[in-house]
Amino acid sequence: MNQWINRVQTHQIFKEISAVDELLETSRKAAQSEQLLFDAWERISRLNSFVATYLSQIDPLLLPLSALNNCVQHYSQIRGNLANFGGNPIINYLLEANNQFDAALTYIAAIPQVKEPVLELDLSAARYRENVGDLVTQFRDQVSDCADDLNILEKRLATLSNEVNATKERADNVISQMQQQFSAAQESRQSDALVAETKRSSDFIEEQENRKTSYSLWIEDTQEKWQKSLSDFEEEHTAISNALRGVGDSVVQQLEQQKEYAEKIVGIISTEAVAHGYGKTANEEKDAVKAWRILAVATLVCWIIAGVIFFAFTYDRDLSVSAMIRQFLISTPFVLLSGFAALQVSKHQRSERVNRQQELEIAAIDPYLASFDEETRKEVKKALAEKIFGQRETEVTKADAKQMFETVSDTLKVVKQLKEALKK
């Protein structure tokens, strides 16, 4: 084959045209759902048929490849839009495919189309007539053969009809025989069923009478056993109740004794706990006295050291008001802190003595009242409880403030004497 013809006949454009035909067939049903979709789809179908027919009528030797290559690009986009329309039938894909066909037609129109000469057309027409005559002859032969076949089929049909009628008669005979057999068997089954039902009914009545007799005997026997069991249970219940009542009384007496013993133990423990609480508070106050005492002594020592240092720096100078003021300002914090610590020592000592006294009184009350009777012990403990419980700690009185002032005054006098001794 000529290479110029081969390159046209094997060109990609013909594959694209066939692919578009297949996509049009698969999307036909989707396009028929709406008139607008079908109009756009029908135009694409007619354009594709036109391009295929147009290219088939052109001499391959006169067909330029550049036009076909340009058409391939547009046909690939047309095929993609038709594939998208098959998955999602919307009008936009068909409109885009029509636009691509419009662009492809511009390249198709640029392809030259050469018309065949008139002589060649006459030869083609003669060959067409010859072919048509041959086809008519062949058609007549085929019609004659079909007529013969039709006669044969009619004969076979008549034979089959006779066979069907004979089979129908045999089937009717068989059905009638089976119907007679079924009626006889049905009558036999009905009679057997009636006899069996009569027998079952009589057997049931007999068994029902037997069950009633057995049930009556079982009821009488059960009532006798129940009455006997009830009397046995009542006797056993009475015996158990008497035994439990005796055990309960003894347990109640033991619980009363244990209650009295527990009350005594609780009283002793309560007394010891109260005494221990007062003792613990007294010990805490004692520790606080030690701490405040150390603070007071440390403050006095710091005050003395500060006074000595100040005296050492002003020993060779004349005594002035500013020096006295400075010395007063330096000494005042130490004096106040020392006085406050001394006041706290006195306060905690007094609290320690009170709590220690309460501890000793509470701890000694039971040994002291051991020789008295119960009424006397209760009255004495009641009076002691009114004295101990419900008391409130007294606030700092004027005596405490006066004591603090006296302590600070004494401390100032001692410091003044030390200063005078150092000046001498």
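Here is a check on your reading of the model: is L360 farther than 30 Å from R293 by Cα, in the same structural domain as K286 (by TED's automatic domain parsing) and either modelled with pLDDT of 70 or more or of a type in the set (A, V, I, L, M) (or both)? So L360 does not fit the description; no. Considering each residue of region 279-295 in turn, at least one proves to be within 24 Å of Q344 (Cβ to Cβ), modelled with pLDDT of 65 or more and among the aromatic types (F, W, Y).
Just checking, does region 314-331 include any residue being within 30 Å of A288 (Cβ to Cβ), in the same structural domain as D287 (by TED's automatic domain parsing), among the small types (G, A, S) and at pLDDT 70 or above? No, region 314-331 has no match at all.
Filtered by the rule that a residue be closer than 16 Å to N88 by Cβ and not hydroxyl-bearing (S, T, Y), region 33-43 gives E34, L36, L37, A40, W41. Checking each residue in region 39-56 for being of a type in the set (S, T, N, Q) and crowded, with 20+ Cβ neighbours inside 10 Å picks out only N48.
The values are calculated or read from the model by the stated rules, or taken from the named source; none is laboratory data. Quick caveat, the model's predicted, so the values are computed rather than measured. Heads up, the Cβs are rebuilt from the backbone with ideal geometry, glycines too, and the neighbour counts pull from every protein chain shown.
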